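The values are calculated or read from the model by the stated rules, or taken from the named source; none is laboratory data. Treat the numbers as computed from the prediction; the structure is a model and nothing was measured. Using ideal geometry, Cβ is built from the backbone for each residue, glycine included, and neighbour counts are taken over all protein chains shown. Please note that ligands, DNA and RNA were not included when accessible areas were found on the heavy atoms of the full protein model with its side chains. Shrake-Rupley method; radii C 1.70, N 1.55, O 1.52, S 1.80 Å.
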Amino acid sequence: MRKIWIILLCLCGVSTLSAQETLSEQELRQENLQQFQKLAQVYRYLMGLYVDDVEMKPVVEGAIRGMLEELDPHSAYLDAEEMRGVTESFEGEFSGIGVEFNVLRDTIIVVNTIAGGPAERVGVRANDRIVRIDTLQAVGMTRTEVPKHLRGKTGTKVEIDVVRHGTPGQLHFVIVRDRIPLNTVDAAYRVGDDIGYIKVNRFGHTTMDEFREGYRKMGRPQKMILDLRGNGGGLLEQAIEMAGFFLPRGATIVSTEGRAIPASSFRAQANGEDLTGGLVVLIDESSASASEIVSGAIQDWDRGVIIGRPSFGKGLVQRQIGLSDGSAVRITVARYHTPSGRVIQRPYENGKRREYYLDHLRRYDDAVRDSLDARAPEFRTLRTGRIVYGGGGIRPDILVEADTTGYSDYYAELIRRGVVAEFVNDWLDRSRDSLSRAFPTFESLDAGFEPSGELLGKLADLGAKRGVNFDKKGFEISSRLMGVQLKALAAQRLFGMEAYFRVINPRLSPAYRQAVALLQAWDQRGKPLLDLKK
């Protein structure tokens with residue numbers, strides 16, 4: 001009961017803009033108090049009068065979710081289990097056995113083992129099928145159930161049985177759980193002699209440590225591609241630190257303003273490690289929040305060139321308030337502004353979340369985007385004074401549409417039905433050892449291996465067995481794309497996630513190729529990376 005009153009007291013101050021406009025402050029406080037009392041009355045009546053005993057936890061959680069859904073699209077409630085997952089993703093580690101897995105046709109398949117992790121140390125291999133966890137039958141477990149059994153306290157044991165291609169019977173492993181890193185940097189590699197590429201998938205507590213390690217591993221390249229495509233954001237302090245890596249001391253990175261908290265600005269605290277090298281930032285429609293803070297600061301200070309597609313437009317600041325049972329509410333308290341004054345958040349209406357996300361999809365229709373661009377407010381960058389646009393999200397300096405020439409309904413169906421994932425697992429079951437012998441390094445695989453027409457035909461055959469009718473035209477349209485993705489997945493299984501991007505980027509990403517070409521053509525003799533002044 002005490003928990004309920006705490007929640008209600010936290011929320012009773014929420015009011016709508018229309019109420020603020022029509023009532024005096026005193027009347028507004030009175031109105032809010034009446035609403036709080038009404039909510040408490042309903043709770044008491046349910047407890048005292050309802051025909052059956054009421055389990056109040058789901059009722060209260062539903063009420064909290066309902067209240068927050070009447071506000072902006074990013075205020076949210078997270079139950080205790082959701083909070084555990086969020087905490088792990090931000091902390092950058094969890095305790096478990098150290099495997100990446102997938103569930104195909106009711107079977108847990110080890111996709112990869114974490115290098116040096118507990119599973120690898122005892123001999124678990126990629127493509128092993130986990131059929132038992134401790135005393136539990138693992139066949140038929142869902143993706144959400146598996147981590148509950150494989151994860152646990154550091155130092156505790158878990159026993160698994162696996163089936164391995166070419167080995168009779170089942171193999172039994174006893175694994176001692178340990179801390180497992182959750183990497184936020186997927187790849188950091190050299191493109192030619194003087195261009196570095198770093199792919200960041202989210203902003204967690206370890207992001208800048210990983211980023212700096214990748215930067216130094218590459219030998220501090222003179223030119224950089226920072227890939228924030230698909231990065232939905234994360235921790236503000238990590239975004240500020242990343243932008244500060246490229247900006248001089250004192251440069252404003254982002255500012256916030258809200259009704260109940262003081263306005264504030266966040267600045268680079270010291271000169272960044274890379275102040276003069278050529279810089280390209282890649283973004284797309286899934287780049288949001290912290291990604292937009294970084295790319296907006298880079299753009300406003302004319303520090304680098306933004307290439308790709310307009311970002312999501314998530315610029316609301318949430319304060320996360322923990323509740324007594326491990327759950328939490330995230331309440332929007334402010335808005336983010338880029339250094340030039342642009343509001344990152346795109347327009348929305350309170351309570352209309354579905355329309356908000358549908359509008360996000362519509363923004364990438366050419367006609368709608370042209371209309372939005374025509375109405376977008378203009379701002380000036382802080383060094384050269386060139387025009388950049390507000391109205392929500394970050395608009396790239398160079399717009400590069402996604403390459404969809406190799407996509408077909410046929411190939412999309414193979415992916416949706418899980419045929420491609422199943423085929424890769426079965427193929428690598430049979431071929432992993434021979435591929436490893438033939439291609440002992442990534443460079444040898446990249447230069448010497450191309451999936452054959454026969455191999456693609458076997459993929460189509462499996463699709464037919466799984467109910468995806470063969471479409472000759474669709475197969476011809478997508479054959480090159482299928483070949484590249486099979487090669488990339490093979491590289492990932494043999495050499496890790498970085499190898500996947502080293503295959504995919506130069507072959508399937510026009511934005512990446514544009515970034516490489518721009519940096520290759522750039523000389524460092526005091527010239528801007530690209531003349532974008534308007």
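Things to note:
- Index of the failed condition, R202 passing every other in (1) crowded, with 20+ Cβ neighbours inside 10 Å; (2) in contact with a helix residue (DSSP H, G or I) (Cβ under 6 Å, 6 or more places away or on another chain); (3) not small (G, A, S): (2)
- Of everything in region 342-362 that is acidic (D, E) and in a helix (DSSP H, G or I), the residue that is nearest to T332 (Cα to Cα) is E355.
- If you go through region 84-101 and keep only what is at pLDDT 80 or above and either among the aromatic types (F, W, Y) or within 18 Å of the chain's Cα centre (by Cα) (or both), you end up with E100, F101.
- When region 489-500 is filtered for residues that are closer than 16 Å to A438 by Cα, without any contact (Cβ under 8 Å) to a residue 60 or more places away in the chain and open to solvent by less than 40 Å² (accessible area, probe 1.4 Å), only A491 remains.
- D227 meets each of the listed conditions (1) modelled with pLDDT of 95 or more; (2) open to solvent by 20 Å² or more (accessible area, probe 1.4 Å); (3) charged (D, E, K, R) apart from (2).
- Residue within region 224-239 that is acidic (D, E), in contact (Cβ under 8 Å) with a residue 12 or more places away in the chain and farther than 22 Å from I306 by Cβ present: no
Results for (1) closer than 24 Å to A511 by Cα; (2) among the polar types (S, T, N, Q); (3) touching a Leu at 6+ places or on another chain (Cβ under 8 Å), shown as yes or no for each residue.
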residue: R216; (1), (2), (3): no, no, no
residue: R220; (1), (2), (3): yes, no, no
residue: G230; (1), (2), (3): yes, no, no
residue: Q238; (1), (2), (3): no, yes, no
residue: A243; (1), (2), (3): yes, no, no
residue: G258; (1), (2), (3): no, no, no
residue: L275; (1), (2), (3): yes, no, yes
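- Of all residues in region 338-372, those satisfying the criterion of being farther than 27 Å from Y77 by Cβ and modelled with pLDDT of 85 or more are T338, P339, S340, G341, R342.
- Any pair with Cβ under 6 angstrom, 6 or more apart, that starts in region 149-178 at a residue that is free of Cβ contacts under 8 Å to residues at least 40 places away in the same chain and ends at one that is in a loop (DSSP other than H, G, I, E, B) and crowded, with 17+ Cβ neighbours inside 10 Å: T156/R177; R164/D128
- Given (1) surrounded by fewer than 19 Cβ atoms within 10 Å (Cβ to Cβ); (2) of a type outside the set (A, V, I, L, M); (3) within 21 Å of A126 (Cα to Cα), number of the condition R416 does not satisfy: (3)
- Some residue of region 70-83 being out of contact with any Phe, Trp or Tyr (no Cβ under 9 Å at 6 or more places or on another chain), assigned to a loop (DSSP other than H, G, I, E, B) and of a type in the set (S, T, Y): yes
- Where G391 falls short, out of the listed (1) without any contact (Cβ under 8 Å) to a residue 60 or more places away in the chain; (2) in a helix (DSSP H, G or I): (2)
- Note on region 468-533: enclosed helices (runs of 4 or more DSSP H) holding 2 or more residues that are aromatic (F, W, Y) are 472-495, 497-508.
- Positions within region 437-447 being open to solvent by 50 Å² or more (accessible area, probe 1.4 Å) and not basic (K, R), in sequence order: A438, P440, T441, E443, A447
- The single condition among (1) open to solvent by 40 Å² or more (accessible area, probe 1.4 Å); (2) on the phi > 0 side of the Ramachandran plot that K352 does not satisfy is (2).
- Every residue from region 91-149 that is hydrophobic (A, V, I, L, M, F, W, C), in contact with a Phe, Trp or Tyr (Cβ under 9 Å, 6 or more places away or on another chain) and open to solvent by 30 Å² or more (accessible area, probe 1.4 Å): V122
- Residue within region 31-43 that is in contact with a helix residue (DSSP H, G or I) (Cβ under 8 Å, 6 or more places away or on another chain), on the phi < 0 side of the Ramachandran plot and open to solvent by 80 Å² or more (accessible area, probe 1.4 Å) present: no
- Among the candidates V162, V191, V185, the residue that is surrounded by 21 or more Cβ atoms within 10 Å (Cβ to Cβ) and either at pLDDT below 90 or touching a Leu at 6+ places or on another chain (Cβ under 6 Å) (or both) is uniquely V162.
- Only residues that are of a type in the set (S, T, N, Q) and either surrounded by fewer than 19 Cβ atoms within 10 Å (Cβ to Cβ) or part of a loop (DSSP other than H, G, I, E, B) (or both) were counted in region 299-317, giving 1.
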